[in-house]
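Remarks on the structure that follows.
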Amino acid sequence: MTEPPTARAAPRIDGVFDAPIPFLPLLDEIPLAVVLLDRERTVVAMNQAAEVLTGFPARRAVGLPCRHVLRANVCVRGCPVAELAAGSGPLCREGDIINADRLRLPVRITASALHDARGHLAGYMETIEDLRLFQNMEPKNMNALGYAGFIGQSPRMGGVFKLLPSIAQTDSSVLVTGETGTGKDLLAEALHQASDRAKGPFVKVNCGALPETLLESELFGHVKGAFTGAVENKSGRFKLAHNGTLFLTEIGDLPLSLQVKLLSFLDDKTVYPLGGTKGLKVDVRIIAATHRDLEAMVREGRFREDLLFRLNVVRMHLPPLRERGGDVDMLLDHFLAQFNAAFQKRIGGFEPAARKLLLRYPYPGNVRELRNIVEYAVNVCDGEIISPRHLPTYMTRPEARRMEAPVARAEAPLRAAAPRPGASSWREAERELILEALTQARGRRGRAAEILGWARSTLWRKMRSHGLEMPDEEERR
């Protein structure tokens, strides 16, 4: 069995510089994901970029077979390491890996053999390049069905599509709101991919997935000896996201004590590891997401108002599926084609009765629920068309019928109109959004704040910064 890394001396590089330098910190400075393997293809080291890409901390990956960490399709067909012949040069393969969040990521894996001073095989090095930048994730390309990975052409989504490119080009904090299943994670990643930080890491942290003590270490890192079991220094997610984007999902679940530390970071861009006294400057853009009503949580004392102000510089709201009109029809056909290909089936479509049920269902779980319903139907369908009997039974229950949304419904007004194409900056675009919202609200600032998805105090503060003062009688409304 491989000796645990804590029992060995830290590896160093000698003879290159005037003094020995530690090897692992040097590996972390490489912006490409790097994994080192022994002769049996077991992981012996990996850098921070590999941690971000795979979602596996190095301390968990070391000692595992490479295939259990990368989980790539090339691991079972055409492993580049297995194909390396004696004396051959590096081999490159493109494929997909499954990260710790169970997301499939397109990558290019390059494997090289490493030899010792006598020419004997010592191990292997793999570099993994994220190919999402070069595929359809780029929100610069709109297609006939949608934009930036979203499917839909409803006016509600059109407003989101038009705002996305201009917001992506700034470093302002973004708060993404919307019901569960509306695609907040997809929007956050689209903002990252459309930004100048696209070549940097995109690091996601679920603020509700870990207890407070572990979450603090996960976010900010810790120093050796900070608590029982802290046998070595650990880099937090803020450091891993340096020069990239940190996505804090379920921000409403962040404990109050950590809200203070996050607010401190937003003020000075400095991270203080748990148990440490020395701060570390990092360049990170913050995108937060929640399905909770943060303004109500502020009133209840469960969320800091000053943190809400700092996160709510730009707010993007994703509408629920029931307010997206004809998008449901498009999504049904899109997911049917997707699962036909995945399951190697040739289902031609939906019976009229089944489609009617699907169009009238309100989808409390939004797009995620619709996708799961279509996946279930494709799995159980034994013919060439999906009928009502292939749909989940809960959709035909009386309580589901009472919840039905009308087949045809008027589109709700946009939360905010899109800035005109000629807007030269986000500040100018923001001013236009405020003016358009005030026009829709007929000058009532409370209603304008609702349209924009902001708190009233946020709207007042932004109006003052843009010189948009209102008469006293309007201010009292």
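The values are calculated or read from the model by the stated rules, or taken from the named source; none is laboratory data. Just so we're clear, the structure is a prediction, and the values are computed from it rather than from any experiment. Because the Cβ atoms are built from the backbone with ideal geometry, glycine has one as well, and the counts that use them run over all protein chains shown. Heavy atoms of the whole protein, side chains included, go into the accessibility calculation; ligands, DNA and RNA do not. Shrake-Rupley method; radii C 1.70, N 1.55, O 1.52, S 1.80 Å.
With point charges of +1 on the Cβ of Lys and Arg and -1 on the Cβ of Asp and Glu, referenced to the Cα centre of segment 61-109, which listed residue (66, 100, 81) lies farthest in the positive direction of the dipole?
In segment 61-109, that residue is 100.
Determine the alpha carbon to alpha carbon distance for each of 239/261; 199/224; 199/278; 269/462 and list only those over 26 Å. Before the final figure, lay out each step's value.
On the way: 239/261 15 Å; 199/224 31 Å; 199/278 28 Å; 269/462 23 Å.
Cα-Cα > 26 Å for 199/224; 199/278; rest within.
Could you work out the Kirkwood radius for segment 71-124, taking every pair of different alpha carbons, averaging 1/r and inverting it, reported in Å? Spell out each step's value before the answer.
Numbers: mean 1/r = 0.0815 Å⁻¹.
Final number for the Kirkwood radius of segment 71-124 is 12.3 Å.
Can you tell me the accessible area per residue over segment 9-111, all protein chains present, probe 1.4 angstrom, in square angstrom?
Accessible area per residue, segment 9-111: 56 Å².
Taking H placed 1.01 Å from N in the peptide plane, check which residues at least 5 places from residue 131 or on another chain put their amide H under 5 Å from its amide H.
107, 108
Hey, any idea what % of segment 282-384's accessible area is carbon plus sulfur with a 1.4 Å probe?
Numbers: 2150 of 4590 Å².
It is 47 percent, rounded to a whole number.
For segment 242-354, with every protein chain kept in place, what is the accessible area per residue (1.4 Å probe, Å²)?
On a per-residue basis, segment 242-354 sits at 43 Å².
What shape does segment 275-405 take by its C-alpha gyration tensor, where a ≥ b ≥ c are the square roots of the eigenvalues and a/c under 1.5 counts as rounded, a/b above b/c as prolate, and the rest as oblate?
prolate
Report the Rg/Rh value for segment 243-348, based on alpha-carbon coordinates and the Kirkwood definition of Rh.
Ratio of gyration radius to Kirkwood radius for segment 243-348: 1.17.
For the pair residue 224 and residue 360, what calculated FRET efficiency results from E = 1/(1 + (r/R0)^6), where r is the Cβ-Cβ distance and R0 = 60 Å, to the nearest 0.05?
Step by step, r from the Cβ atoms, then E = 0.50.
Between the alpha-carbon centers of segment 180-223 and segment 307-354, tell me the distance in whole angstrom.
Distance between centres, Cα-based: 23 Å.
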